[in-house]
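To start, the structure under review is shown below, and the notes come after it.
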C-alpha cells in the first residue's frame, strides 16, 4: 500500500485492534487517523474504544437509583431537572428510569390558563379596572387585554349599557 509507512498485514492489524484504539493504530502504521478509520471500516475490523469517564478513573461511573417511593414523592412537586440536581444524577439517566417506572414529574411550564366566560368578564369589568380583574384571575394585564379583545368587550360600551339601563 502506497499511503502507509509500514506494510499492512491484515492478521496483525486485527490482533492489534483488540488492544489499541484507532488513533494508536494510525500512529503505529504512520498514517492519518481518517485513513485508518476508513481502512478498518472497509475490512470490518473494530478497534478498541477508549472512553473518558467523568470520574477520571477510566471505568464507568456507577449510579445508585433512589427508592421509587422517594422518586414519586419528589415528582409531585419538582421537574425532572430539579430532581436530577437534588439527587446528583444525570438528567437523561433519571428521565429513562422514571419513564421505565411510569413516573411523571411536574412540567416545567405552567399549565395553560382557562379563559373565563364572557358574562363573567363583563360582570367584573363593569365595576373594576383591567388591572384589578387581571389580579383576580392571577394573570398579567396583557393577558387580560387579550381576553377582553377576544370577547370584543369595551369599557365604553359597558358604560353606555349601564346608562341606558339606569
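Bear in mind that the values in this text are calculations on the coordinates, not laboratory data. Since the model is a prediction, treat every value here as computed from it, not as a measurement. Cβ: placed from backbone, ideal geometry, glycine included. Neighbour counts: every protein chain shown.
Numbers below:
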quantity	calculated
Residues 80, 45 arranged by fewest to most Cβ contacts within 10 Å	45, 80
Neighbour-count order for 121, 113, fewest beta carbons within 10 angstrom listed first	113, 121
Contour excess over end-to-end distance, with Cα ends at residue 69 and residue 104 and 0.36 nm allotted per residue	11.3 nm
Footprinting exposure proxy for 48, 98 (fewest neighbouring C-beta atoms within 10 Å first)	48, 98
Bins of 10 Å from zero: percent of alpha-carbon pairs in region 118-165	27, 59, 13, 1
Residue-span extension gain [residue 43 to residue 18] - 0.36 nm each, minus C-alpha spacing	7.6 nm
